[in-house]
1. Please list, ordered by chain and number, the residues whose modelled amide H lies under 5 Å from the amide H of I95; skip anything fewer than 5 residues away on the same chain.
2. Whole-Hz Karplus ³J(HN,Hα) for the range 44-53, in order, using 6.51 cos²θ - 1.76 cosθ + 1.60 and θ = phi - 60°, x for Gly and Pro?
3. Fewest first, what order do M76, M205 take by the number of other Cβ atoms within 10 Å?
4. Report the gain in length on full extension from T139 to K49: 0.36 nm times residue separation, minus Cα-Cα distance, nm rounded to one decimal.
5. Quick one: which residues, 5 or more positions from I73 or on another chain, have an amide H under 5 Å from its amide H? H modelled 1.01 Å from N in the peptide plane, none for Pro or chain starts.
6. Classify the range 69-136 as rounded, prolate or oblate, taking a ≥ b ≥ c as the square roots of the eigenvalues of its Cα gyration tensor: rounded when a/c is under 1.5, otherwise prolate if a/b is larger than b/c and oblate if not.
Amino acid sequence: MSTWGMIKTVFFTGLTVVFFFIIWIKNPFAPHHEYELPEEAEKIVFDPKAAEEGRELFKQNCASCHSLRYDGIYLMSVTAKPEWEKIEKTQGKPIIEEKDGKIHIRGYFVPRDVYEAVAISDLLGLKASFGKIPPDLSTYYLARGPGYLYQFIMDPQKILPGTTMPKLFFPEFDKEAPEKVAKIVAYMRSVNEPPPGEKAKRTLMGVATIGYFILMGALLWIYRKKIVSQMH
């Protein structure tokens, strides 16, 4: 390989590594603004056991306006419809979980177009009340981060002045309010992040994939040089 060929190989290899480093380590799409997350709340948010209780709290306090389709949670007014149970089972994909050594159906992931067709009147009613349709929160943990979600749920107007999101938790009247909010965030985190073992597998697969592309690129370059040299 010529000196110029070596320089190009090193340059493009370095460019590939830098690209994936930016995406994985310094992800420009991840939230960078820091929002305070109290120590006690942080312990709850990162406690897997708190997520299950947080799921119930989410359904009680958030599902009147928000869905979380990734985990089979839909607007309360929609799930109350007589035809909804049949739609879930015929149009949805079961969300399976293992609990106490047994396999359970946690809920059903219903395609967005099917869900919105059934929920259209409910969604338009929310739009009329709030000015826009409250978003599905399936990916909000990844988009906003735990600190933002905790602070926003505790006091929406403080974080986003003018928002139509009402304040649902009042620590001055309910001493358990901060704990409840942290459990809701813990639940949203559990839906967005894989277990540590699965996360490690994905990281390893990503590194192996990058290595494969780098190796194949180098081999193809060497093969190309060999073919070119035979043509002269």
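1. Correct list: R106, G107, Y108, F109.
2. 6, 4, 9, 9, x, 5, 6, 5, 5, 5
3. Numbers: M76 15, M205 10.
Neighbour counts put them in this order, fewest first: M205, M76.
4. On the way: separation 90, 0.36 × 90 = 32.40 nm, distance 2.04 nm.
Gain on stretching T139 to K49: 30.4 nm.
5. L68
6. Details: a/c = 2.69, a/b = 2.04, b/c = 1.32.
It is prolate, given that a/c is not under 1.5 and a/b is the larger ratio.
Every number in this text was worked out from the coordinates using simple rules, so none of it is lab data. For clarity, every value in this text was computed on a predicted model and none was experimentally measured. Methodologically, a virtual Cβ is constructed for each residue, glycine included, from the backbone with ideal geometry; neighbour enumeration extends over all protein chains shown.
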